[in-house]
1. Among the residues of the stretch 157-174, count how many are touching an Asp or Glu at 6+ places or on another chain (Cβ under 9 Å) and open to solvent by less than 60 Å² (accessible area, probe 1.4 Å).
2. Tell me, yes or no, whether the stretch 280-289 has at least one residue that is in contact with a strand residue (DSSP E or B) (Cβ under 7 Å, 6 or more places away or on another chain), open to solvent by 40 Å² or more (accessible area, probe 1.4 Å) and touching a residue at least 12 places away in the same chain (Cβ under 8 Å).
3. Can you spot a residue in the stretch 175-194 that is under 21 Å from PRO70 (Cα atoms), outside any strand (DSSP E or B), open to solvent by less than 60 Å² (accessible area, probe 1.4 Å) and touching a Cys at 6+ places or on another chain (Cβ under 7 Å)?
4. Across the stretch 28-69, which residue is nearest to the chain's Cα centre (by Cα) among those that are of a type in the set (A, V, I, L, M) and outside any helix (DSSP H, G or I)?
5. Please go through the stretch 252-267 and pick out each residue that is in a loop (DSSP other than H, G, I, E, B) and more than 14 Å from PRO194 (Cβ to Cβ).
6. Could you pull out the residue among LYS65, LYS34 that is in contact with an Asp or Glu (Cβ under 6 Å, 6 or more places away or on another chain), surrounded by 15 or more Cβ atoms within 10 Å (Cβ to Cβ) and modelled with pLDDT of 95 or more?
7. What residue, of GLY50, GLY76, is over 29 Å from ARG123 (Cα atoms) and either in contact with a Lys or Arg (Cβ under 8 Å, 6 or more places away or on another chain) or open to solvent by less than 20 Å² (accessible area, probe 1.4 Å) (or both)?
8. Please go through the stretch 116-128 and pick out each residue that is surrounded by 15 or more Cβ atoms within 10 Å (Cβ to Cβ) and either under 14 Å from the mean Cα position of the chain (by Cα) or not aliphatic (A, V, I, L, M) (or both).
Amino acid sequence: NNLFLPEVPIGNELKKSEEEEYVVFTGDMQVGNKFFYEKNFLKFINWLNGNEGTEEQKKLTKKIKYLFIPGDLVDGVGVYPGQEDDLTILDIYQQYDKFAEYISKIRGDIKIVVSPGNHDAVRIAEPQPVIGENFAKRLHELPNVYFTTNPSIINIGSTKNFSGFNILICHGFSFPHIAENVDSIRKSGRLDNPDLIMKYILQRRHMAPTHASNQYLPSLEEDPLIIEKIPDFFISGHIHKTKVANYRNVTLMNCSCWIGQTEDQERRGIKPDPCKAIVVNLKTREIKIFNFMEA
């Protein structure tokens with residue numbers, strides 16, 4: 001299973017910001033699907049803007065500086081058999097326009113980082129390029145939205161005296177293969193424990209350490225799926241399961257989703273844990289999970 005690098009320990013120093021700033025992680029909106037939790041997502045956006053929640057939460061949201069969305073912004077078209085029966089928006093351009101409409105409601109001082117997933121209008125082979133302006137023109141026009149590839153590593157919060165945090169983003173297309181084919185993970189709940197999958201990936205320093213675990217574009221010069229720089233945060237999505245863990249001072253976070261279970265998800269063993277946002281205090285590294293699912 002380990003094709004590229006020897007398994008080596010990861011021992012990053014636990015870095016903390018000098019300022020009390022917050023970063024939010026959530027993903028897999030899949031806008032355009034009839035199971036999309038629109039009311040809940042709008043409630044989340046209202047919360048980000050400081051118009052929802054307790055007084056304590058409103059003080060917190062004022063200090064949110066970043067929002068990360070690791071893929072599947074829209075549901076796409078032709079992604080799985082029979083998908084057209086699940087769609088309320090059949091046009092991929094209109095799906096991105098609708099997503100941009102939602103995101104434009106978020107206050108402008110929050111930097112929004114988006115990367116693609118397997119439902120987005122980019123090639124499915126990794127590394128995936130950024131979501132293009134040809135499909136998501138309105139989204140590209142928003143000044144606080146930043147586009148990155150899948151996978152990618154982003155540095156935030158750096159100052160003259162602080163190197164900032166390195167955030168490794170990976171949508172997680174290889175996760176189901178790993179969950180089914182690594183004995184220790186398969187026997188421990190498969191996709192119910194994405195932190196075990198993420199730990200496995202970190203130990204092998206590769207996003208897809210087994211052939212056939214995902215589609216990829218080989219390069220003669222370098223392997224873009226090798227994890228060369230040790231991250232402070234490792235962020236993923238794809239399997240719609242909220243999970244937070246720590247491995248040798250690397251914070252592992254698999255993000256929630258904003259869509260209910262489709263028949264396709266049920267066939268693939270995906271049990272959604274929707275409408276949650278993971279919020280990290282960069283000064284203390286304290287993590288809170290906020291639930292926007294209606295009772």
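The values are calculated or read from the model by the stated rules, or taken from the named source; none is laboratory data. Keep in mind it's a predicted model, so treat the numbers as computed, not measured. Positions of Cβ are backbone-derived with ideal geometry, glycine not excepted, and every protein chain shown enters the neighbour counts. Surface accessibility is based on the protein's heavy atoms, side chains included, excluding ligands, DNA and RNA. Shrake-Rupley method; radii C 1.70, N 1.55, O 1.52, S 1.80 Å.
1. Selection size over the stretch 157-174: 11.
2. Yes, some residue in the stretch 280-289 is in contact with a strand residue (DSSP E or B) (Cβ under 7 Å, 6 or more places away or on another chain), open to solvent by 40 Å² or more (accessible area, probe 1.4 Å) and touching a residue at least 12 places away in the same chain (Cβ under 8 Å).
3. For the stretch 175-194, residues under 21 Å from PRO70 (Cα atoms), outside any strand (DSSP E or B), open to solvent by less than 60 Å² (accessible area, probe 1.4 Å) and touching a Cys at 6+ places or on another chain (Cβ under 7 Å): absent.
4. Once the filter is applied, the top-ranked residue is ILE69.
5. Matches in the stretch 252-267: TRP258, GLY260, GLN261, THR262.
6. From the options LYS65, LYS34, the qualifying one is LYS65.
7. Values: GLY76 fails: over 29 Å from ARG123 (Cα atoms).
It is GLY50.
8. Hits for the stretch 116-128 are PRO116, GLY117, ASN118, HIS119, ASP120, GLU126, PRO127, GLN128.
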